[in-house]
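I have placed the structure first, in the form of structure tokens, so that the comments after it can refer back to it.
The values are calculated or read from the model by the stated rules, or taken from the named source; none is laboratory data. Everything numeric in this text was worked out from a predicted model, so none of it was measured. Positions of Cβ are generated from backbone atoms using ideal geometry, with glycine treated the same way; all protein chains shown enter the neighbour counts. Ligands, DNA and RNA are excluded from the accessible area calculation, which covers all protein heavy atoms including side chains. Shrake-Rupley method; radii C 1.70, N 1.55, O 1.52, S 1.80 Å.
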Amino acid sequence: MKLDVKHILKTYGIFLAFLLICIILAILSPVFLRWNNILNVIRQSSIYGVMAVGMTFVILSGGIDLSVGSVLALSGIIAAGAATAGVGIFGIVALGLLVGVLCGLFNGLMITLGKITPFVITLGMMSIARGLTLIYSGGRPISGFEGAFRFIGGGFILGIPFPIVILAVTVLIGWLVLTQTRLGRYTYAIGGNEETVKLSGINSNFYKTMVYVISGLTSAMSALILTSRLNSGGPNVGQAYELDVIAAVVIGGTSLSGGRGSVWGTLVGALMISVINNGMNLLGINPFFQLVVKGVIIIGAVFLDRLRDQAN
Amino acid sequence: MEPVLRMQGISKSFPGVRALQNVDFELLPGEVHALVGENGAGKSTLMKILSGVYTPDEGDIQLKGTSVVNAGPKAMLDAGVSVIYQELNLVPHLSVAENVMLGREPRRAGGLIDWKAMRAEVKKLIAQFNLKLDPRTPVYRISPAYQQVVEIIKAISLRSDILVMDEPTASLTGNEVERLFEIIRQLRSQGVSIIYISHRLEELWEVADRVTVLRDGERITTKPLAELTVPDIVRNMVGRELTEQYPVTEIETRDEVLRVEGLTKAGVCSDVSFAVRGGEIVGFSGLVGAGRTEIMQIIFGYLKRDSGKIFIHGKEVDIRSTRDAVRNGIALIPEERKRQGLILGLSVFDNAALAVLDRNSTFGVINFKKLSDLIHRIVETIGVKTPSPRQLVKFLSGGNQQKVVLSKWFVRDCDIYIFDEPTRGIDVGAKVEIYRLMQSLAQRGAAVIMVSSELLEVLNMSDRIQVVYDGRIVKEFRRDEATEEGVMKYALGVAGSVA
Ligand SMILES: Nc1ncnc2c1ncn2[C@@H]1O[C@H](COP(=O)(O)OP(=O)(O)OP(=O)(O)O)[C@@H](O)[C@H]1O
Ligand SMILES: [Mg+2]
């Protein structure tokens with residue numbers, strides 16, 4: 001069989017593009033490939049990356065979650081509050097995650113039982129969670145934590161930053177759930193054609209709700225990492241994060257209309273955003289310009305995706 | 001006579017599939033040329049090559065003597081070829097007139113659409129066929145038969161001289177089919193050449209002059225229909241003798257499995273009561289729109305009911321969702337495969353496994369090994385023609401897609417199977433297989449319900465027949481007392497006039 005270049009480009013385009021960018025940066029900047037810089041890039045991507053795994057579930061099911069940035073802020077501030085109030089590490093984590101799960105549950109139930117589109121519900125939640133964060137914190141950051149909680153964002157395991165470990169485990173679990181469990185297969189199926197899923201005797205509302213719960217959960221996980229790392233929970237963190245998270249998913253090849261994609265793509269998408277940010281910083285490019293470049297890359301990725309669709 | 005169309009040596013491959021191999025096809029002016037073959041034989045692919053949607057790997061296409069290969073869809077349309085595809089391509093929320101004139105809307109000065117001219121034009125076209133149809137009606141509100149007619153009107157309005165119809169009668173019933181045949185004859189008399197694809201072989205003699213048979217992507221024969229019989233065509237299609245079209249078996253009937261009492265939903269059905277025993281196949285006959293599909297969807301928990309009771313094995317059950325229905329052992333094989341039966345972007349495997357994931361998983365984790373065996377076996381038995389179970393369903397031929405829908409429910413052990421138009425778009429050989437599978441379900445003790453618009457199929461396969469008219473069961477026939485005329489009379493609401 002002859003090597004089908006077109007086919008390879010279309011199937012692995014995003015991975016190749018990622019490699020290409022890395023190679024170019026490695027040539028332009030000697031710092032890029034240093035171990036410390038690499039760890040730094042991955043650690044930066046872990047915040048978006050973890051949330052993007054949850055977002056992948058949502059987008060695969062044909063939905064969208066605009067509330068992730070605000071939910072992150074709310075979980076973070078509650079965790080920070082608990083931490084400064086002397087709650088133990090497990091209590092902090094449990095509380096933080098619970099907040100995320102409850103926000104996701106609210107989103108999911110309103111979408112399935114209230115029959116309101118995900119866009120509208122999560123847009124509302126974006127505002128509600130941000131408001132609650134401001135109310136709880138009185139608009140001021142909550143800072144200064146004890147050792148155990150600091151480990152989540154700042155610790156190392158075998159020389160690897162703990163956030164990277166969390167990211168790796170999250171991606172792995174996300175992949176296993178999507179490929180090996182009913183929840184995962186139904187997520188794809190619902191994104192493909194919900195009516196067919198219903199007519200197959202499946203309680204699609206339950207699974208759809210679960211998808212938003214997962215997204216809430218991963219937002220809370222990112223909140224714990226970020227809050228711990230900054231040693232502070234702020235009312236304004238996480239603003240506009242939903243854009244980078246959705247971008248990571250879309251760059252990773254998950255179709256915004258649902259039913260097609262994977263967490264591996266999402267991981268590459270998250271790394272890509274991080275690498276580009278890092279690279280442009282290393283090269284000393286004006287931050288205003290960086291925004292433009294990022295936008296171009298998102299559009300380029302979706303364009304690539306369309307080519308792949310047409311090939312089918 | 002010089003042919004209007006000559007396709008020569010056409011070959012086309014897809015990854016893993018050789019769809020067409022060195023196929024020749026000729027169409028004479030004013031001829032109705034039938035194109036038949038098993039599911040996946042390559043009929044639709046040949047037509048998509050003709051319309052310019054696909055480019056052939058090899059071969060030449062000549063329209064009135066000029067070569068037009070690789071011209072593309074727009075050029076073929078301009079050259080007078082229009083195709084009515086297997087799956088209708090109408091925009092549901094646009095009106096009949098807008099659908100017909102889509103992309104060619106008459107404009108007034110300033111670029112605004114000239115609605116008056118548009119309606120007048122479409123009205124004229126409708127009048128040609130003596131139809132009662134308001135051009136302003138949105139398409140989703142009219143019956144599938146009329147939707148088909150809208151597609152035809154659209155094709156005619158392009159003043160094409162070659163018209164392709166890919167299984168136009170698949171979703172039509174008796175009268176509507178007659179209506180369509182009249183239209184076809186009328187077109188032929190105007191000199192339009194028509195390519196007509198169908199799996200209902202009996203009807204070919206009513207409209208077509210010649211027939212071409214494809215098998216596995218090769219042309220087997222082209223002959224005038226007058227020289228052939230149904231068994232001749234079948235032999236050419238499947239490559240062997242097909243002994244029986246409707247298999248017969250003696251199945252012992254057991255205790256009652258399903259009983260429905262006084263099922264009522266405003267505007268849909270009223271006071272529907274019937275019972276099905278284990279081992280029985282009960283047919284539901286009626287016109288499109290009589291409410292058969294809706295009655296079944298109510299039993300399956302997909303539509304809500306106003307009143308009425310459902311009993312399974314003598315016990316009343318409370319079915320409020322499709323999940324309740326499936327848990328109570330009911331399966332519904334829906335009528336609209338694309339919208340309700342399939343997930344086109346997923347694989348054959350994923351689609352066929354959708355309804356049994358719960359039974360093949362522990363704590364939500366799927367046991368793929370066990371599942372694979374099951375799915376592979378059923379896909380094999382039903383004969384889904386696919387290069388691999390990993391193939392996406394959207395790449396299968398129409399009939400093979402239907403077989404995937406059937407597979408999904410055959411793999412699940414249920415007490416009650418409701419088939420809504422199970423053989424729509426399925427070839428003759430595969431139909432027999434499906435009938436056998438239905439019988440084996442009954443043999444196992446399941447209650448089988450078959451909703452079908454193919455009268456012969458209902459007559460031959462059912463132990464009893466319920467005739468539905470206007471949302472009510474107006475008559476029940478035992479197998480030995482049912483005749484075509486008898487059933488038709490009640491289906492049309494002529495006999496036993498409903499109070
Ligand atoms: N786009 C595609 N990609 C891959 N395979 C395809 C594609 N289109 C068709 N095929 C394959 O080509 C073969 C012929 O398909 P085609 O749709 O022409 O069959 P058909 O004769 O119209 O069958 P049916 O009676 O079921 O409609 C089938 O095996 C089908 O799976
Ligand atoms: Mg076809």
Subset of region B:396-435, residues within 16 Å of ligand 2 (Cβ to nearest atom), assigned to a loop (DSSP other than H, G, I, E, B) and not basic (Lys, Arg), comes to B:Leu396, B:Ser397, B:Thr423, B:Gly425, B:Ile426, B:Asp427
When every residue in region B:291-310 that is basic (Lys, Arg) and away from chain A (no Cβ under 14 Å) is compared, the one most open to solvent (accessible area, probe 1.4 Å) is B:Lys309
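I want to confirm something. Restricting to region A:78-93 and keeping residues that are surrounded by 14 or more Cβ atoms within 10 Å (Cβ to Cβ) and free of Cβ contacts under 8 Å to residues at least 40 places away in the same chain, which single residue is farthest from A:Arg140 (Cα to Cα)? Can you show your working first?
Within region A:78-93, the first condition is being surrounded by 14 or more Cβ atoms within 10 Å (Cβ to Cβ), and the residues that meet it are A:78-84, A:87, A:89, A:91-93.
Next, only the ones that are free of Cβ contacts under 8 Å to residues at least 40 places away in the same chain stay: A:82, A:87, A:91.
On the way: A:Ala82: 15, A:Val87: 20, A:Gly91: 23 Å.
For region A:78-93, the residue satisfying everything is A:Gly91.
Let's see how each residue does on (1) at pLDDT 90 or above; (2) within 28 Å of A:Thr179 (Cβ to Cβ); (3) of a type in the set (Phe, Trp, Tyr):
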position: A:Leu217; (1), (2), (3): yes, yes, no
position: A:Leu224; (1), (2), (3): yes, yes, no
position: A:Thr227; (1), (2), (3): yes, no, no
position: A:Val245; (1), (2), (3): yes, yes, no
position: A:Val249; (1), (2), (3): yes, yes, no
position: A:Ile276; (1), (2), (3): no, no, no
position: A:Phe288; (1), (2), (3): no, no, yes
position: A:Leu291; (1), (2), (3): no, no, no
Going through (1) open to solvent by less than 70 Å² (accessible area, probe 1.4 Å); (2) in contact (Cβ under 8 Å) with a residue 24 or more places away in the chain; (3) not hydrophobic (A, V, I, L, M, F, W, C) one by one, A:Gln290 fails only at (2)
- Message: Please determine whether any residue of region B:404-417 is farther than 17 Å from B:Gly279 by Cα, within 12 Å of ligand 1 (Cβ to nearest atom) and either among the charged types (D, E, K, R) or touching a helix residue (DSSP H, G or I) at 6+ places or on another chain (Cβ under 8 Å) (or both).
- Response: yes
Residues of region A:157-189 being open to solvent by less than 40 Å² (accessible area, probe 1.4 Å), of a type in the set (A, V, I, L, M) and facing chain B (nearest Cβ under 9 Å), in sequence order, are A:Val177, A:Leu183, A:Ala189
Selection over region B:352-382 where residues are open to solvent by 70 Å² or more (accessible area, probe 1.4 Å), within 11 Å of chain A (Cβ to nearest Cβ) and under 19 Å from B:Ala331 (Cβ atoms) yields a count of 1
Flagged in region B:368-395 as modelled with pLDDT of 90 or more, away from ligand 2 (no atom under 16 Å from the Cβ) and hydroxyl-bearing (Ser, Thr, Tyr), in numbering order, are B:Ser372, B:Ser388
If we keep only residues of region B:322-334 that are out of contact with any helix residue (DSSP H, G or I) (no Cβ under 8 Å at 6 or more places or on another chain) and either part of a strand (DSSP E or B) or not acidic (Asp, Glu) (or both), then the residue nearest to the other protein chains (Cβ to nearest Cβ) is B:Arg323
(Q) Scan region B:31-44 and tell me whether some residue there is surrounded by fewer than 22 Cβ atoms within 10 Å (Cβ to Cβ), over 25 Å from B:Glu227 (Cβ atoms) and within 16 Å of ligand 2 (Cβ to nearest atom). (A) no
Within region A:198-207, the residues that are more than 7 Å from chain B (Cβ to nearest Cβ) and touching a helix residue (DSSP H, G or I) at 6+ places or on another chain (Cβ under 6 Å) are A:Ser204, A:Asn205, A:Tyr207
Per the list (1) away from chain A (no Cβ under 14 Å); (2) within 16 Å of ligand 2 (Cβ to nearest atom), residue check on B:Tyr54 breaks on (1)
With the first residue restricted to region A:44-67 and required to be on the phi > 0 side of the Ramachandran plot and surrounded by 24 or more Cβ atoms within 10 Å (Cβ to Cβ), and the second required to be of a type outside the set (Ser, Thr, Tyr) and modelled with pLDDT under 95, Cβ contacts under 8 Å at 6 or more apart or on different chains are none
Only one of (1) among the charged types (D, E, K, R); (2) buried (at least 19 other Cβ atoms within 10 Å of the Cβ); (3) over 26 Å from B:Ile251 (Cα atoms) does not apply to B:Glu316, and that is (2)
So, first residue more than 16 Å from ligand 1 (Cβ to nearest atom) in region B:184-205, second residue acidic (Asp, Glu) and not in a helix (DSSP H, G or I), Cβ within less than 6 Å, six or more apart or across chains; the pairs are B:Val192/B:Asp161; B:Ser193/B:Glu31
